[in-house]
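In what follows, a single structure is set out as structure tokens and then discussed.
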């Protein structure tokens with residue numbers, strides 16, 4: 001995943017840019033970057049944030065960088081923003097993207113006489129550099145940005161910083177958001193709507209699918225009108241989004257309350273307490289508690305003073321260990337209790353199994369698990385949702401392969417496992433329950449989760465749960 005923030009201001013933009021970008025730290029773990037344009041031209045800084053928060057790494061840069069226009073990003077993968085010199089002039093670019101047809105695009109660009117791409121340390125082409133190369137295939141920036149939105153299979157939302165202003169473009173199906181804030185003498189562009197609230201900006205507009213705008217210190221102009229098809233990622237509400245954000249006018253925190261409420265309406269267990277796996281599971285648990293009347297409690301506390309979100313290794317086994325170490329148990333709230341625990345999702349199941357085993361060892365009588373979303377049956381094609389290299393990393397797919405006797409399962413069969421009213425679904429859930437040693441397991445239903453969002457279902461992407469796209 002990732003997030004970004006941009007500012008166009010009559011005054012120096014560094015204060016707003018620094019803090020607005022920092023407010024996106026929950027969306028990425030690997031790289032942070034800022035690029036500005038001012039009297040001395042372009043300036044840029046990129047740092048590794050795997051072992052320290054954005055603020056720590058960029059504090060010195062904030063003191064020396066100056067400019068009226070700037071863009072910043074938190075990235076879960078590639079170093080960015082990039083500064084590019086082309087026939088469009090010099091510009092800086094940052095993206096939130098997932099590109100599934102990289103090889104095809106690279107071949108097309110080579111055919112058009114692009115000379116080379118710089119490989120990153122893992123041998124991959126930097127996706128943001130690839131987007132810049134696509135843009136440079138056209139005669140002007142607007143056509144180039146529009147071409148990139150159309151050509152990329154996956155998703156792409158971006159900002160392009162030029163001496164005349166900042167271009168912003170939202171993914172052609174609106175899979176990821178882009179919002180504009182306004183205050184006296186400045187406009188900002190942001191992935192998360194809450195990121196500019198404490199900086200004095202007010203909501204100005206939310207870009208529609210495929211919409212392209214340009215902002216300067218005085219105005220925000222639409223250059224390409226939004227399309228009418230939207231498939232915004234539902235996981236933005238369930239997991240990714242910060243509680244104080246909203247997408248398409250729907251509050252993340254309120255959606256999570258609704259989600260927990262809908263879970264409780266279909267449940268029949270009576271635990272002693274309801275708890276959420278911090279952080280994203282907490283609001284779901286509050287909604288469940290409010291609806292069921294079962295007390296909400298916090299048998300786990302997340303240790304945050306020296307364990308920032310960015311401190312997460314890229315190796316999955318190490319990530320599991322660090323995630324476990326961040327959660328500190330409150331033994332008095334566990335011993336002798338029947339617990340109902342809500343997590344945002346179950347991906348591989350490793351962390352939740354270890355959590356459950358720890359709860360039993362700490363004296364819990366029962367551990368009932370209620371994921372806030374349905375079983376993840378398909379790997380996400382659009383948002384780098386997890387670091388899984390194969391769909392077989394998903395616990396659902398491993399269990400399905402075991403039940404079917406093969407990993408080569410047709411989509412018709414997968415659809416049966418995704419149907420909460422089918423025998424195959426029930427068998428899958430029971431196998432997961434046994435494998436992870438839960439007292440009981442009940443997933444949220446897709447229809448209940450979508451109802452918790454409250455916008456038309458045809459505008460929501462549900463691919464990872466039911467394999468359905470546009």
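The numbers here are math on the coordinates, done by the rules we state, and not lab data. In this text the structure is predicted, and so the values were computed from the model without any measurement. Glycine also receives a Cβ, built like all others from the backbone with ideal geometry; neighbour counts cover every protein chain displayed.
Here are the numbers:
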{"item": "Sorted by Cβ density within 10 Å, fewest first, the residues 117, 15, 382", "result": "15, 117, 382"}
{"item": "Rough spin-label spacing in nm, given labels placed 7 Å along Cα→Cβ, for residue 390 and residue 87", "result": "4.5"}
{"item": "Length released on extending from residue 335 to residue 218, taking residue separation times 0.36 nm less the Cα-Cα span", "result": "36.1 nm"}
{"item": "Global form of region 152-287, assessed from the alpha-carbon gyration tensor, a/c cut-off 1.5", "result": "prolate"}
{"item": "Cα-Cα pairs of region 51-181 separated by more than 22 Å (percent)", "result": "38"}
{"item": "Virtual spin-label span in nm between residue 426 and residue 184, 7 Å along Cα→Cβ", "result": "6.6"}
{"item": "Estimated translational D of region 53-127 in µm²/s (Stokes, Kirkwood radius over Cα pairs; 25 °C; 0.890 mPa s)", "result": "164"}
{"item": "Estimated inter-spin distance, residue 402 and residue 290, nm [label 7 Å along Cα→Cβ]", "result": "3.8"}
{"item": "Over region 1-126, equivalent-ellipsoid semi-axes from the Cα gyration tensor in Å", "result": "26, 19, 11"}
{"item": "Nearest 10 degrees, 0 to 90: helix 395-404 Cα axis against the chain principal axis", "result": "60"}
{"item": "Cα convex hull of region 343-449 - mean projected area over all directions, nm²", "result": "7.1"}
{"item": "Extension gain (nm, one decimal) between residue 447 and residue 202, 0.36 nm per residue minus Cα-Cα", "result": "84.8 nm"}
{"item": "Folded to 0 to 90 degrees: helix 350-361 orientation relative to the chain principal axis, Cα", "result": "40"}
{"item": "Overall dimensions of the chain by Cα: Rg and Dmax, Å", "result": "22.7, 70"}
{"item": "Segment residue 272-residue 147, length gained on full extension (0.36 nm per residue, minus Cα span)", "result": "39.4 nm"}
{"item": "Residue-averaged 222 nm ellipticity for the chain, from DSSP H runs of 4+ at -39500 (n - 2.57), nearest 500", "result": "-9000 deg cm²/dmol"}
